[in-house]
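What follows draws every value from the coordinates through simple rules; no lab data is involved. Here the structure is a predicted model, which is why all the values come from computation and not from measurement. All Cβ positions, glycine included, derive from the backbone under ideal geometry; neighbour counts span all protein chains shown.
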Amino acid sequence: MTQNNYDVTADLTPEGRVEWDLMVAGEVYQDSHPEIERKRVEAKKLFRAYNALDYDQETERRAIMEQLFAAVGDDVFIEPNFRCEMGRNISIGSHAYINFDCVMLDNAPITIGDYVWIAPMVGLFATNHALDFEERKAGACQAKPIVIEDGVWLGGHVTVLGGVTIGRGAVIGAGSVVTHDIPAGVIAVGNPARVLRPITDADKTGFCERIAARDAAR
Ligand SMILES: CC(=O)SCCNC(=O)CCNC(=O)[C@H](O)C(C)(C)COP(=O)(O)OP(=O)(O)OC[C@H]1O[C@@H](n2cnc3c(N)ncnc32)[C@H](O)[C@@H]1OP(=O)(O)O
């Protein structure tokens with residue numbers, strides 16, 4: 001696990017720092033503040049550089065992930081085109097795989113565990129614009145954290161909203177919109193996502209035994 005220890009807010013003025021701190025703390029903040037926007041552009045430059053890399057540029061890919069994210073574990077692969085808001089509010093565990101066209105709006109912390117699989121075109125949207133039009137026009141936003149625990153699989157086109165925790169090992173069906181917490185070890189589907197059933201030993205296919213037997217026979 002590489003922990004990004006540099007202070008990304010060091011160059012903010014006191015006013016910019018207030019907006020940043022409110023944002024990360026889940027309070028209403030000014031999303032259009034020029035210093036928040038400057039941080040957003042820094043992240044965009046990094047993910048654009050990441051997305052332009054070739055598949056064999058492993059060292060360069062790792063260097064950008066370590067600069068962009070708050071923390072990133074070992075053996076993490078993110079397919080292009082990955083896009084995010086701030087980057088530095090995202091923590092990713094080890095052995096995570098994020099498929100094509102993922103978007104993470106990380107104005108609040110987004111925490112992704114070990115062995116999390118994310119299918120194509122998934123959105124993790126921590127942020128809401130203000131509901132009141134005058135406030136929205138003035139740039140008011142509020143973000144809530146998202147937690148994707150170890151071993152979760154998010155199907156294609158899943159949307160996860162702010163304030164949601166998805167429990168260890170859960171599977172979220174393609175196209176679902178997750179608006180509430182999902183417990184560990186279940187399949188949840190739909191909009192809004194509801195628990196379909198628990199995942200049990202009956203879901204085992206014998207795959208691991210077959211691979212172990214194959215490898216033992218080599
Ligand atoms: C890194 C990567 O992930 S790349 C691979 C990307 N792949 C995907 O995104 C595929 C995601 N897979 C799914 O969504 C699958 O449907 C799963 C895993 C949720 C299937 O779970 P199963 O338990 O096998 O569900 P099953 O097919 O038996 O369906 C059970 C019921 O749930 C419904 N259902 C299944 N998936 C969904 C879904 N995504 N949304 C809404 N309803 C669904 C079915 O229609 C069925 O309803 P019915 O009983 O009224 O007919």
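Would the chain count as rounded, prolate or oblate if I go by the C-alpha gyration tensor, calling it rounded below 1.5 in a/c and otherwise prolate when a/b exceeds b/c, oblate otherwise? Mind showing how you got there, number by number?
Details: a/c = 2.46, a/b = 1.46, b/c = 1.69.
Oblate shape, in that a/c is at least 1.5 and b/c is the bigger or equal ratio.
Express in nm, to one decimal, how much length is gained between Glu37 and Glu60 on full extension, taking 0.36 nm for each residue of separation and deducting their alpha carbon distance.
Working: separation 23, 0.36 × 23 = 8.28 nm, distance 2.55 nm.
So the chain would gain 5.7 nm between Glu37 and Glu60.
What's the angle, to the nearest 10 degrees (0 to 90), between helix 207-216's Cα axis and the longest principal axis of the chain?
Approximately 70 degrees, to the nearest 10.
By DSSP, what percent of the beta bridges with both residues in segment 50-168 are antiparallel, rounded to the nearest 5?
On the way: 3 of 27 bridges.
Looking only at bridges with both residues in segment 50-168, the antiparallel portion is about 10 percent.
Of the options Val160, Thr2, Cys84, report the single residue whose Cα projects farthest towards the positive end of the charge dipole of the chain (beta-carbon charges: Lys, Arg +1; Asp, Glu -1).
Working it through, the farthest residue towards the positive pole turns out to be Val160.
Using Cα pairs under 8 angstrom and six or more residues apart, how large is the relative contact order of segment 2-217, in percent?
On the way: 519 pairs, mean separation 28.8, N = 216.
In percent, rounded to a whole number, it is 13.
For the chain, what is the mean residue ellipticity at 222 nm derived from helices alone (per DSSP H run of n ≥ 4: -39500 (n - 2.57); sum divided by total residues; nearest 500 deg cm²/dmol)?
After summing the helix terms and dividing by residue count, I get -7500 deg cm²/dmol.
Among Asp114, Asp31, Asp132, which one shows the biggest mean-square fluctuation in a GNM of the chain, springs joining Cα atoms closer than 10 Å?
Comparing Asp114, Asp31, Asp132 in a Gaussian network model of the chain, the most mobile one is Asp132.
Give, in nm to one decimal, the length gained when the segment between Glu135 and Val103 is fully stretched (0.36 nm per residue of separation minus the Cα-Cα distance). Walk me through the numbers before you get to the answer.
Values: separation 32, 0.36 × 32 = 11.52 nm, distance 2.49 nm.
The span from Glu135 to Val103 would gain 9.0 nm if fully extended.
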